[in-house]
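Take a look at the structure below.
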Amino acid sequence: MPRQPAKLTRPRGFTLLEMLVSVTLVLLIMILMAEVFSMASNTVSKQQGTAENDQQARTFTTIIRSDLERMTMLEVYPFFPRSSGEEDDLEHRRGYFYYAENDAGNQTDDALAFTIDTFTNTTSNSDTSPMQGRALVLVDPAAGVDLTDPVALKNYLFANPNQPEGDDGVLDGSGSFTGSLNGIGVSRAAEVAYFLRGSNLYRRVLLLRDPYDPRGTTEFTPPFIDEDYPGAGAGQYAPTSGVVNGNVMGTGEFWRDFDYSAYYYLDYDSGTMSPVFHGPRFHSIQSLDNNRSNITRQNLLSQNVGLLQVPLSLSTPHRRFGHNYRDDFFGRPKEFIRSLAGTVEDANFNGVLDNGEDSNGNNTLDDEFIGRFTAQETAHSAFGYPGRFTNPFGSNALNLNPDTFAVQNYGNELSRRGEDLLITNVVEFDVKLWDDGLPTPKFVDLGHSETDSAGNPAGFYHRDRNISTEDVNLNGALDPGEDLNGNGQIDLFYGNRYDTWYPLTIQNSAGDDLTALGLPHLQRPPYRPYSPGEDGLPGRAGVDDDGNGVTDYYDVNGNGSYDPGIDILDVNEFGYPGTDDIPYPLKAIQLTIRFVDPSSKLIRQVTIVHSLVHGQH
Amino acid sequence: MTRHTLHPATPTPTRSGSTLTEVLISVMVIGIGAVSVATLFPLSVMRAVRANQLTQGTILRYNAEEQMETQGLNSYWMFVVEPFGFGNVGNTPWTSPHHYPGAVGDDNGNLFRDNIGWHPGPDGYFGVPGAAPGTPQAEPGYSDNSYVSDDIPILDEFEVRFAGRDSSLIVIDPLGWWLVGDIDPANLNLRNTFGANWPAGYTVIPRLNGGFRGNNSYSASNPRVRPTFIGDYFDSGSGTFVRFDIPAATTSGNANDGNLDFGGWGFNRQVAERIATLPDQYSTLLDTLYADVADIATITTRDELLLPNKLPVNVLADPIGIILAGLEVRATFFGIQGTATTNKRVTYTRSLLHEDANGNGALDPGEDIDNDGVLDVMTTTSRLMKLRSDQPLPANFQIERITLQTQLSDFTWMATARLPSRPPTQPQIDVVVFHKRRFETIDERPYVATQVAGSKKVYTIDYSATAPVKPWAKKGGFMFDMEHGYWFLITNMSESGTTITVTLERDVRDVPFGPADDLTEIIACFPRGIVDVFPLGAK
């Protein structure tokens, strides 16, 4: 008998209607959710971009404001080399302030450099913490120290603390030494430079020595490496071998081993005029004092006026980081290197396309802007300076790597790479000056072309106000003898740059200053706004203050009296002792950066204004 | 062979399907969850927007402080001397190379920076009238056997000017100075007064424009000196603050003669905007990949850019319209520079030019921005974008992406300053940062706020007199005490009839250096759009 099959209960399924309703609802919800989440993720991405950009903005503003607050040049107007400094107000005009606009139509070729001191302005909320930088022990081989013995090395530092490694005060002269030297120097003052390289904004900081000596020795000169630095022949910074017992020893590359401002000290024999090689010397906080001591001879070949005397202070462009220290009368900075096509258009380093320099006729300076050398580049063994007698600041053989935007000659250096990088993906870094000489004051690029209602050049920083030119008498024409390079154009010596300059009249060994040598215009700063004061004339009225043979003004129409708009004032006399002339200091600067958040592609612009007016002194 | 019979499958237990009701309930539950998750997003967006506003606001606050310092507006000296209305910085400039933002001269050319404690008195001179600057006779308060100065010590005068208050108020409001007055032409005095319709018996708050004080043109007897002052001054004759008369620009002489004459300093709306806005906000009019529209887009010359027809006309009409209206449009070009082997990615930024400012079709003096002797114009019918001829794009530059942007003035500031009665106390300044500020009189309309008994932080405002116009009090907004110059964050707000009750973040008596009385009744206003109020530290 066949078995009775079990009775099956057929499970009840969804009806088609139920399915359709459910699926529709689920679909609706999914679409809704997808839409919501799509919007949300879009928003989140934008939010993240905005937040990232905000973060970058805060980083930028915090750091640069802190630097600007500590600027040593409190009264920003240029020195004018002259015979007396009574009215120079050196107390409030320490160090330098430098700003390069270069091409006013290019927002990526500006450079800003100035000196800072944390104790400049203690009344504000500025950052007074000291700055740290790398510093290794400098050992005199004559002392016979075993460089591989950390205790001996430490004891040597204790006995010879007057060097950057000792400036942080970490000196332990007793007991057994088990740790390693910290390799750090500390200072309250530094040179700071901001510049854009490719799409990276760099902040290069070079400390000025601030010696520390717990034994109360105030004598800290010479604040530099002694002549004939041992181990590498005369005038060279030498390696002290690699890493020994955890102590990082000198590599022989100065700016790999030291984050310090330094220059190669080159003197000249007064008789033979031939160079005497000394070696690298550190700048110290004394270098901020723009006084007239510390003069050195310099053979500034280009003008063929014999040996000149140049101050060692940082007011002199030659002594600053990034500037050409030899064979360039003006100490111009090396801000451009040859173009990617291999041409050099800016042969005179002034950052401006002069007549005859446009090799391909495209009306653009094709040279590549580098601003300053980065920490990576100066650490390279081929860089040399200031440890060795090389001159990258005067070289026309440097190439840019278009991918990394590093100077190719020094670009493969691995140490110190990116240490000075501040912000990435920057498309604009622009500095502007507050020009209150304009009918309606505003922030302008240096060398602007604003006019007043009558169409005349207006403002303190109009390009026509650049007086560092071949045009000795500023009449706007090349008079006989003025065209020094014979190119038929009035060239700017120092380019479209603002510089607080130096207070010393450069003299030759015979004691003749450049005015006496017929070259008064060679030492003019590029922009120097001045009012002639109540007497309407520069310097003392009726006195040829600077001795250039012109009393107060060039009498263009020869009528024996000054006619505004016709006769031309002798700008060299402005600010001479005893005058009622008044300088117009720079009142404010404006810094703008634009950067892109790489993931969200959001562009952010940050503009900060910094006042250079510091209340009542 | 036994044939196995397949056993039937074990009967499965009955499974019932979900009912529609169950499905609907599930969907509802999911929906509620999803909605509640989704509501978090706008919340986070709002927080992010707020964070961004605060970041921008903080940057602007610092800029405002620096701008005020540049103009000498944050100095005690500035305020203490300004009410006397010495219209000109002196004819005799100071001889020190320092620049003193608060340096002041009298109408007759005497500088009295160092003599800040004195008013020159009715004769308008310090010491002996006409005494040579620098001589003892020109010193303030100079008296000898034959001459007694009428100079007045400044403290007495100052207290008189400010009605003997412990502190007095000034509002520094460059944009408001222009815009609030503009909006309400019948109330042009709003330029010089913060707040309209003041109740009787109260001293109005002067509004200063933060502008520039000029001087006459240069001459041998009237040398150019530096402007350092805000553009308003207190006219002791009429007892009001009045606008400083800006002198006309003058022509300069030979551009190269080193004689840096220039036109008189002006203050206009553009200057006000430069001073008081954050310049980082842009409205993007056009953002396009150049390759997308490369069919027609060409650079005709290096200083002209013909935008492609493919772009919608209205996109183009807007920037051109704006240019014609006198605003700047910023063009940013992203692209590649160089040849194939030596190219690099670069960005150029240029302004679009429209030089015919007065629309007369001629190149008038001052219009030739790029100094090329040619009138560069754009019209609403042309796609030709003019760049400055002295700032062309380089020849080997290939454009990839273009953006056209015009600047927005979203973030703006004004400042309120409580002035000390005696030196050397510095003024206490609050910078108020706005987002999309409304320059309307209602934002600064004074209302009487009455303290609720028993609380020092709850006030009621009866606006029946102005109903239906009511104060813009809201939670998270600010109340400004127009008598004493303090800002209070509103943490709560309720409304009943024509009475608004606000709860303040802090007890009115807790304000540092605030008024001594209990403030049972204060005059207050409720401006809209405030991002935050930043008190400035002492510099």
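The values are calculated or read from the model by the stated rules, or taken from the named source; none is laboratory data. Keep in mind that this is a model prediction, so the values were computed, not measured. Cβ coordinates were reconstructed from backbone atoms using ideal geometry, including for glycine residues, and neighbour counts include every protein chain displayed.
On the basis of being surrounded by 17 or more Cβ atoms within 10 Å (Cβ to Cβ), out of contact with any Phe, Trp or Tyr (no Cβ under 8 Å at 6 or more places or on another chain) and in a loop (DSSP other than H, G, I, E, B), does A:F373 make the cut?
The answer is no for A:F373.
One line per residue, one yes/no per condition, for (1) farther than 30 Å from A:T515 by Cα; (2) more than 8 Å from chain B (Cβ to nearest Cβ); (3) surrounded by fewer than 20 Cβ atoms within 10 Å (Cβ to Cβ):
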residue	(1), (2), (3)
A:G539	no, yes, no
A:G547	no, yes, yes
A:D552	no, yes, no
A:E573	no, yes, no
A:L591	yes, yes, no
A:S600	yes, yes, yes
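If the condition is being more than 16 Å from B:I369 (Cα to Cα), within 7 Å of chain B (Cβ to nearest Cβ) and of a type outside the set (D, E), then region A:426-440 contributes A:V427, A:W434, A:G437.
Rundown of residues vs (1) aromatic (F, W, Y); (2) facing chain A (nearest Cβ under 7 Å); (3) closer than 30 Å to B:V171 by Cβ; (4) under 14 Å from the mean Cα position of the chain (by Cα), yes/no style:
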{"position": "B:G33", "(1), (2), (3), (4)": "no, no, no, no"}
{"position": "B:N52", "(1), (2), (3), (4)": "no, yes, yes, no"}
{"position": "B:G57", "(1), (2), (3), (4)": "no, no, yes, yes"}
{"position": "B:T70", "(1), (2), (3), (4)": "no, yes, yes, no"}
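Criterion first (surrounded by 22 or more Cβ atoms within 10 Å (Cβ to Cβ), in contact with an Asp or Glu (Cβ under 6 Å, 6 or more places away or on another chain) and in a loop (DSSP other than H, G, I, E, B)) does A:G459 satisfy it? In short, yes. You will find that of A:G547, A:G539, A:G575, A:G558, the residue that is in contact (Cβ under 8 Å) with a residue 60 or more places away in the chain, assigned to a loop (DSSP other than H, G, I, E, B) and over 30 Å from A:Y202 (Cα atoms) is A:G575 and no other. Counting only strands (runs of 3 or more DSSP E) that fall entirely inside region B:421-495 and contain at least 1 residues that are surrounded by fewer than 17 Cβ atoms within 10 Å (Cβ to Cβ), in contact with a helix residue (DSSP H, G or I) (Cβ under 7 Å, 6 or more places away or on another chain) and among the charged types (D, E, K, R), no element qualifies.
Among the residues of region A:505-521, are any hydroxyl-bearing (S, T, Y), in a loop (DSSP other than H, G, I, E, B), within 14 Å of another protein chain (Cβ to nearest Cβ) and in contact (Cβ under 8 Å) with a residue 60 or more places away in the chain? Checked against the condition, which is being hydroxyl-bearing (S, T, Y), in a loop (DSSP other than H, G, I, E, B), within 14 Å of another protein chain (Cβ to nearest Cβ) and in contact (Cβ under 8 Å) with a residue 60 or more places away in the chain, region A:505-521 yields no hits at all. Scanning region B:381-417 for residues that are in a strand (DSSP E or B), of a type outside the set (D, E, K, R) and closer than 18 Å to B:Q337 by Cβ turns up B:F397, B:Q398, B:I399, B:I402, B:T403. Consider region A:431-447 and keep the residues that are part of a strand (DSSP E or B) and crowded, with 22+ Cβ neighbours inside 10 Å. The one that is farthest from the chain's Cα centre (by Cα) is A:D435.
Among the criteria (1) within 30 Å of B:L353 (Cα to Cα); (2) within 14 Å of chain A (Cβ to nearest Cβ); (3) modelled with pLDDT of 80 or more, the one B:K436 does not fulfil is (2). For A:L74, the requirement of being under 30 Å from A:R188 (Cα atoms) and within 11 Å of another protein chain (Cβ to nearest Cβ) is met.
Within region A:334-349, is there a residue that is modelled with pLDDT of 90 or more, in contact with a Pro (Cβ under 9 Å, 6 or more places away or on another chain) and over 19 Å from B:N396 (Cβ atoms)? Yes. If you take the residues in region A:185-212 that are of a type in the set (D, E, K, R) and not in a strand (DSSP E or B), which one is nearest to the other protein chains (Cβ to nearest Cβ)? Only one residue fits best here, namely A:R188. Between A:E470, A:E450, the distinction of being more than 28 Å from A:P81 (Cβ to Cβ), of a type in the set (D, E) and either over 20 Å from the mean Cα position of the chain (by Cα) or more than 8 Å from every other protein chain (Cβ to nearest Cβ) (or both) belongs to A:E450 only. Applying the criterion of being facing chain B (nearest Cβ under 7 Å) and in a strand (DSSP E or B) to the residues of region A:602-617, the residue that is farthest from A:T61 (Cα to Cα) is A:S611.
Kindly indicate whether any position in region A:470-492 is of a type outside the set (F, W, Y), more than 30 Å from A:D597 (Cα to Cα), in contact with a Ser or Thr (Cβ under 6 Å, 6 or more places away or on another chain) and not in a loop (DSSP other than H, G, I, E, B).
yes
State yes or no: is A:I603 over 16 Å from A:R540 (Cα atoms), touching a helix residue (DSSP H, G or I) at 6+ places or on another chain (Cβ under 6 Å) and in contact (Cβ under 8 Å) with a residue 60 or more places away in the chain? No; evaluated as a whole, the condition is false for this residue.
Checking the structure you have, find out if any residue of region A:337-348 is in contact (Cβ under 8 Å) with a residue 24 or more places away in the chain, within 12 Å of chain B (Cβ to nearest Cβ), surrounded by fewer than 19 Cβ atoms within 10 Å (Cβ to Cβ) and on the phi > 0 side of the Ramachandran plot. Yes, that holds for at least one residue. Please verify whether A:T115 is β-branched (V, I, T), under 26 Å from B:R330 (Cβ atoms), at pLDDT 85 or above and in contact with a strand residue (DSSP E or B) (Cβ under 9 Å, 6 or more places away or on another chain), treating the condition exactly as stated. Considered against the rule, which asks whether it is β-branched (V, I, T), under 26 Å from B:R330 (Cβ atoms), at pLDDT 85 or above and in contact with a strand residue (DSSP E or B) (Cβ under 9 Å, 6 or more places away or on another chain), A:T115 comes out as no.
Among the residues examined, A:N121 qualifies as under 24 Å from the mean Cα position of the chain (by Cα) and either of a type in the set (S, T, N, Q) or modelled with pLDDT of 80 or more (or both).
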